[in-house]
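Participant: Below are the structure tokens for one structure; questions will follow.
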Amino acid sequence: MKEPMIVARQLTRIVPNGQATLTILHEIDLTVSAGETVGIVGASGSGKSTLLALLAGLDLPSAGSVSVDGVDLASLDEDARAALRLGRIGFVFQSFQLLPAMTALENVMLPLELQADVSARDIEQRARQWLQKVGLGERLSHLARDLSGGEQQRVALARAFVIEPQILFADEPTGNLDPATGAEIIDLLFTLNREQSTTLLIVTHDESVAARCARVIRLSAGRIV
Ligand SMILES: Nc1ncnc2c1ncn2[C@@H]1O[C@H](COP(=O)(O)OP(=O)(O)OP(=O)(O)O)[C@@H](O)[C@H]1O
Ligand SMILES: [Mg+2]
């Protein structure tokens, strides 16, 4: 049995809802091994994006705990959580979250620029390479805001891939792509898993993508079913 990479215990997220509260994740227990591939499926509103954000330390749970590579996220402040993600965790957001006034290339260079040990020349070369791999070699100097939805999604993927993360969280990574481009992107994800043992957690509505994962988790109204 490989070391667990992610361990979630009794993970619960409660949000205010008018005068009352709403529990959007109920006591989720989940252990993901290093190098494992996990598909997360479930209806819209079932809590998939919420779960991913908690596992990545982007949001904090209302109760329960998450540890990543043996580190309890609750023991870290926001800066320390960001430092843990830097260079090790890639995240592809459902809403992309690119910097609109920066070019495609600048967006992909950004996570490398935050790392102290990568030379300027390497940064640009690696960013170009990954943009080429997602099929955007001809769009390097377009501003992110001028790119189509599917192109923005591919920039977001290149930005997540460029650090060659240990863990990659992808929230519907091919939701805006045509089937052929989507299939290429999914192949890239599984190649990363195979060649670099990247641990993958992929939210998807596509059963054929889920079927390629070693394990599939189904969420319904904030619970694993
Ligand atoms: N900060 C918040 N405040 C209030 N409600 C929230 C908040 N975040 C999420 N929710 C609610 O929690 C539920 C789960 O949201 P989440 O984004 O995790 O769903 P999802 O499974 O990713 O759905 P989709 O497939 O549509 O992306 C939704 O009903 C959403 O409205
Ligand atoms: Mg979502």
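All of the numbers you see were taken from the coordinates with simple rules; none came from a lab. Keep in mind that what you see is a predicted model, and the values were worked out from it rather than measured. Heads up, the Cβs are rebuilt from the backbone with ideal geometry, glycines too, and the neighbour counts pull from every protein chain shown.
Participant: In units of 2.2 N^0.38 Å, what is the alpha-carbon radius of gyration of the chain?
Facilitator: In units of the 2.2 N^0.38 Å rule of thumb, it is 1.00.
Participant: Rank the residues PHE190, PHE96 as a footprinting-exposure proxy: fewest other Cβ atoms within 10 Å of their Cβ go first.
Facilitator: Fewest-to-most ranking of PHE190, PHE96: PHE190, PHE96.
Participant: Over all directions, how big on average is the projection of the convex hull of the alpha-carbon atoms in segment 111-225, in square nanometres?
Facilitator: The directionally averaged projection comes out at 8.5 nm².
Participant: Let me ask something else about it. Report Rg/Rh for segment 21-64, rounded to two decimals, where Rg is the Cα radius of gyration and Rh the Kirkwood radius.
Facilitator: When Rh is taken as the Kirkwood radius, the ratio is 0.95.
Participant: Based on Cα coordinates alone, diagonalise the gyration tensor for segment 66-133, multiply each eigenvalue by 5, take square roots, and list the semi-axes in whole Å, largest first.
Facilitator: Working: eigenvalues 129, 45, 24 Å².
Output for segment 66-133: semi-axes of 25, 15, 11 Å.
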